[in-house]
Amino acid sequence: LLNSENGKAYFDKVKLKSKRNQETIKRKEKTQQRRAIMSTDAYRAKVLQPVINEIARLIDYGQPCIATRKFGKMAGGHRKSVGSNRGIALNLHNIHIQCFQSNSYNGGDERKYDIGIVEEYGEEYLDYLISLENHTAKFSKAELEEAFKKAKSFRLDLRKHKTVYVPIIRIHLRNKANAFIG
């Protein structure tokens, strides 16, 4: 390893890989330490919610914004805001693809959101979403950590099979994801 050019090159390559692995391990440990001291709500908002929102966007892949019916940069838009009801913040029926402008600058376009739901899924589905508004749920941090693992798994499967789904299948996928993630 030390007496030939090929040996030196191999030794340097192994040493570099080892250094990268150490950096990756340190980064993962630092992330775990940060997550360990997070409050339950901070963990929900910063760790789990982005994965859940991506699942909603993947289920709605290829669809226009639920409120404006336009295409563009998309987010996971909540029908009932997270601030008004933490209990349904993670429920995928409460989250549909929504363009950033509608979701952020227009305060969620609540009325247009409901019109889009009726146009896409029907009045009965909107009634179901309205019934969720009174749902309250409290989760422990351990439950959220377990849900995070399951959500990442579900998200990975959707990423592998990006498909444009019809409305009834999107409702079915939301049911399946909610049940799987817990």
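Worth pointing out:
- Scanning region 33-46 for residues that are in a helix (DSSP H, G or I), among the aromatic types (F, W, Y) and touching a Gly at 6+ places or on another chain (Cβ under 9 Å) turns up nothing.
- Unique residue being open to solvent by 90 Å² or more (accessible area, probe 1.4 Å), more than 14 Å from H96 (Cα to Cα), out of contact with any Ser or Thr (no Cβ under 6 Å at 6 or more places or on another chain) and modelled with pLDDT of 95 or more when the list is F154, F180: F180
- None of Q32, Q49, Q98, Q63 is polar (S, T, N, Q) and open to solvent by 40 Å² or more (accessible area, probe 1.4 Å) except Q32.
- Scoring F139 on the criteria (1) open to solvent by 70 Å² or more (accessible area, probe 1.4 Å); (2) without any contact (Cβ under 8 Å) to a residue 60 or more places away in the chain leaves a single failure, condition (2).
- Note on region 1-24: residues that are open to solvent by 90 Å² or more (accessible area, probe 1.4 Å), at pLDDT below 75 and assigned to a helix (DSSP H, G or I) total 7.
- The residues of region 115-136 that are closer than 17 Å to C65 by Cβ, in contact with a helix residue (DSSP H, G or I) (Cβ under 7 Å, 6 or more places away or on another chain), of a type outside the set (F, W, Y) and open to solvent by 20 Å² or more (accessible area, probe 1.4 Å), listed by number, are V118, E120.
- Meets criteria (farther than 28 Å from Y43 by Cα and either out of contact with any helix residue (DSSP H, G or I) (no Cβ under 7 Å at 6 or more places or on another chain) or open to solvent by 70 Å² or more (accessible area, probe 1.4 Å) (or both)) for R159: no
- Checked against the criteria, E123 counts as at pLDDT 95 or above and farther than 21 Å from I181 by Cα.
- Remark: pairs (first residue in region 155-170, in contact (Cβ under 8 Å) with a residue 60 or more places away in the chain and among the aromatic types (F, W, Y); second residue open to solvent by less than 80 Å² (accessible area, probe 1.4 Å) and not in a helix (DSSP H, G or I); Cβ separation under 9 Å; 6+ apart in sequence or on different chains) = Y165/D60; Y165/G62; Y165/Q63.
- Test: residue in region 67-86 that is within 20 Å of the chain's Cα centre (by Cα), in a helix (DSSP H, G or I) and surrounded by 20 or more Cβ atoms within 10 Å (Cβ to Cβ): no
- When residues in region 35-46 are screened for being among the small types (G, A, S) and buried (at least 21 other Cβ atoms within 10 Å of the Cβ), 0 of them pass.
- Scanning region 140-156 for residues that are of a type in the set (D, E, K, R) and in contact with a helix residue (DSSP H, G or I) (Cβ under 8 Å, 6 or more places away or on another chain) returns K141, E145, K150, K152, R155.
- Failed item in (1) more than 19 Å from the chain's Cα centre (by Cα); (2) open to solvent by less than 80 Å² (accessible area, probe 1.4 Å), with R111 passing the rest: (2)
The values are calculated or read from the model by the stated rules, or taken from the named source; none is laboratory data. Keep in mind that what you see is a predicted model, and the values were worked out from it rather than measured. Methodologically, a virtual Cβ is constructed for each residue, glycine included, from the backbone with ideal geometry; neighbour enumeration extends over all protein chains shown. Remember, those area values only see protein heavy atoms, side chains included, never the ligands or the DNA or RNA. Shrake-Rupley method; radii C 1.70, N 1.55, O 1.52, S 1.80 Å.
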